[in-house]
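Only the coordinates and a few stated rules stand behind these numbers; no lab work does. All values derive from a computational prediction rather than experimental measurement. Cβ sites come from the backbone with ideal geometry, for glycine too, and all protein chains shown count toward neighbours.
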Amino acid sequence: MITELGHFALVLAFLVACVQAVVPLIGAHKRWPGWMAVAEPAANAQFLLTAFSFAALTYAFVTSDFSLRLVTLNSHSLKPMIYKISGVWGNHEGSMLLWVLILTLFGATAAWFGGNLPPTLKARVLAVQSAISVAFFAFILFTSNPFLRLAVPPFDGQDLNPLLQDPGLAFHPPFLYLGYVGLSMAFSFAVAALIEGRVDAAWGRWVRPWTLAAWVFLTIGIGLGSWWAYYELGWGGFWFWDPVENASFMPWLIAAALLHSAIVVEKREALKSWTILLAIMAFGFSLIGTFIVRSGVITSVHAFANDPERGVFILLILGFFMGGALILYAARAQAMEAKGVFSMVSRESALVVNNILLAVSAFVVFVGTIWPLVAELAFARKLSVGAPFFNMAFTPFFIILGAILPVGAMMPWKRGSITRAFRPLRGAFALAVALAALAFALQTGRSAMGPLGLFLGSWLVFGAAVDIWSRTGRGAIGDRSRRLLRLPGADWGKAVAHAGLGVTMFGIAGLMAWEAEDIRVVQKGESFDIAGFTLTLEDVQRVQGPNYISTMGTVEVTRDGRTVSTLYPEKRFYPVAEMPTTEAAIDNGFLRDVYVVIGDPQDKGGWAVRTYYKPLANWIWGGSILMALGGFISLSDRRYRVAAGARRTRGPAGVPAE
């Protein structure tokens, strides 16, 4: 009964979305307050109905209701509760319901916190957001209904994909979807502004917090996915340039460019057309990612579905919204005339360079991801584009970005001097060079990647520290320290996020430059060395888990005769899914990880064991945490919340009072 009510609530939410997509738009065009007022209660109703539908599906998974087809295909009565719950979105149909739930949540949030938006703009934003909801409600109901029943329910289910039965994957999709779908708000604001024919500083102030929130959630989601791949798949890497990984990385890059571009719109009323285009393309890349994951055109361990019908439906959604938005963008070109002027050497120019580097980086990733598909369709050739291409084509742009970022952050608006901007950074630059030189001197027979990464990382961290300190003005250290604590959240957020990028860049470079690997057959009781550590395979046991059978090794890690850790790598087999998984055992440290994977027994005795020494591995995710934290700190700044930004406006048109 509950699942039927959930299905009914989903249909009802679809009908409400249809009303919300049409009535407020007509009301805004005709200036009818009553019709515009429909948007807010409709947005609330959409969210509440979708939330009930999602709760009904969750109830079916928790109670193991195998009369529901989706539960049968993706659950099992012996599965731990956390994975019963995560199984709701660990499949195509349930994940799309989560997608729509987050979509309606953002629409409802705009209704709750957009009280000081101009009425016409608010009505149009909520109508465009609801139009996106209409498309995805239709996609779910007509191609991916999660509430289909089975005529003859089985005694038990077929279990969830064992790779997804992991805490990292339990939380990774919700955060990723909060980022993906959050970019729909930037798209809705862009299209609403184009319909009104006005893009100004107030619009830049309104769109920034939505973009920032989406970027923060994308950062967390990508970080969780990378962390999961590192410890779960047993291959020792953190990023494979997998098509589905790239599908989340491309909108992250475009969203980062949009964040910086919107600053120029807000402060200088320049780059309007470029910023609107970025807002459109950011959500466009989210839709492209949805197509890659769910169409089956590209095979991936992360992919949900391989149904061409669903892929065509998503392509139609992509074509409608991107095509319509770009046509409107071309028609409203005269409304986006830039007012602010600036010299070639200024903060505006630095942000333009920043945008170019991020946009080109996203384009490189897009070409590498989609080229195998193009080659197969156009030339009937099967090609594979792997990590060597991406590392060679993508890395130079981020090296340049890291090199210029501290100087660009110190540049004044409108007109500046590179020499004057660099002067406060001389100490940071010298210290970064000294650290890189020290690393180069200590390493032997290694590439320059490690020292270069150390230079860029420390240059970004020290540059961010100099930037935040310079904002305290002049005077005694005590006075400046007190002013430092009173700086706006946006200033602190920028410094923390830039420092986080530096930490991540250093972690990636250090891991790739200085890691060590050992693969061998090891007998019980046998010891071997790697990177100054001695590892001993003490025992291998067969262990029964709740829904799997495990081959678990016991590995003692010592250094200079002192026990460092005892690790328990596993090789699990899930009988219901008939699928093995690898559970790496990792001794985490601040400066390194010791990473052990146990394989299959060998014919001549012993066990295959892979061991990695991973320097600075945790700095990669530590930097991601800092970047996300910087975003949250910026969101705490009242100047960049929608209502606070709107208080600085006058009149219904939202023209800045300055």
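The residue list VAL522, ALA464, MET449 was ranked by how far each Cα lies along the charge dipole of the stretch 445-548 toward its positive end, using unit charges on Cβ atoms, and ALA464 comes out on top.
Placing a label point 7 Å from the Cα of ALA55 along the Cα-to-Cβ line, the residues of the stretch 106-136 whose backbone N sits under 19 Å from it are 106-109.
Which log10 I(q)/I(0) values, to two decimals, does the stretch 516-618 give at q = 0.13, 0.15, 0.18, 0.23 Å⁻¹ under the Debye formula with one point per Cα? Relative scattering, expressed as log10 I(q)/I(0), comes to -0.46, -0.60, -0.84, -1.22.
With contacts taken as Cα pairs under 8 Å and at least 6 residues apart, the stretch 1-161 reaches a relative contact order of 37 percent. Taking label positions 7 Å along the Cα-Cβ direction at both VAL374 and LEU150, the computed distance is 4.4 nm, reported to one decimal. Evaluated over the chain, the count of Lys pairs having alpha-carbon atoms less than 13 Å apart is 5 (only pairs 8 or more residues apart or interchain).
Given R0 = 22 Å, the distance between the Cβ atoms of GLN544 and ARG520 translates into a calculated FRET efficiency of 0.20.
Using R₀ = 22 Å, calculate the FRET efficiency as 1/(1 + (r/R₀)^6) where r is the Cβ-Cβ separation of LEU326 and VAL367; round to 0.05. For LEU326 and VAL367, the calculated efficiency is 0.65. Projecting the Cα atoms of VAL88, PRO167, LEU425 onto the dipole axis of the chain, where Lys and Arg carry +1 and Asp and Glu carry -1 at the beta carbon, places LEU425 farthest toward the positive end.
Take the Cβ-Cβ distance between THR563 and ALA437 as r, set R0 to 35 Å, and report the resulting FRET efficiency rounded to the nearest 0.05.
Step by step, r from the Cβ atoms, then E = 0.45.
The packing ranking, built from the mean of other Cβ atoms within 10 Å per residue, places the peptides 452-459, 195-202 in the order 452-459, 195-202, highest first. As a length-normalised measure over Cα pairs under 8 Å and 6 or more apart, the relative contact order of the chain settles at 13 percent. When 1/r is averaged over all different Cα pairs and the result inverted, which Kirkwood radius in Å belongs to the stretch 181-293? The answer is 14.7 Å. The stretch between SER384 and GLU556 holds 57.9 nm of extra length on full extension. This uses 0.36 nm per residue minus the Cα-Cα distance.
How big is the dipole moment of the stretch 516-618 about its Cα centre under a simple scheme where the beta carbon of each Lys and Arg is +1, that of each Asp and Glu is -1, and everything else is neutral? Debye, nearest 20, please.
60 debye
Extension gain for the segment LEU316 to LYS414, taken as residue separation times 0.36 nm less the Cα-Cα distance, is 31.0 nm to one decimal. Got a sec? Charge dipole of the stretch 120-247, +1 on Cβ for Lys and Arg, -1 for Asp and Glu; which of LEU233, PRO243, VAL152 is way out at the positive end? Of the candidates, PRO243 comes out farthest on the positive side.
Full extension of the chain segment joining GLU337 with THR534 gains 64.3 nm, where the gain is 0.36 nm per residue of separation less the Cα-Cα distance.
Using a simple charge model, +1 on the beta-carbon of Lys and Arg, -1 on the beta-carbon of Asp and Glu, nothing else, what dipole does the chain show about its Cα centre, in debye to the nearest 20?
3160 debye
Taken over the chain, the convex hull of the Cα atoms encloses 182 Å³ per residue.
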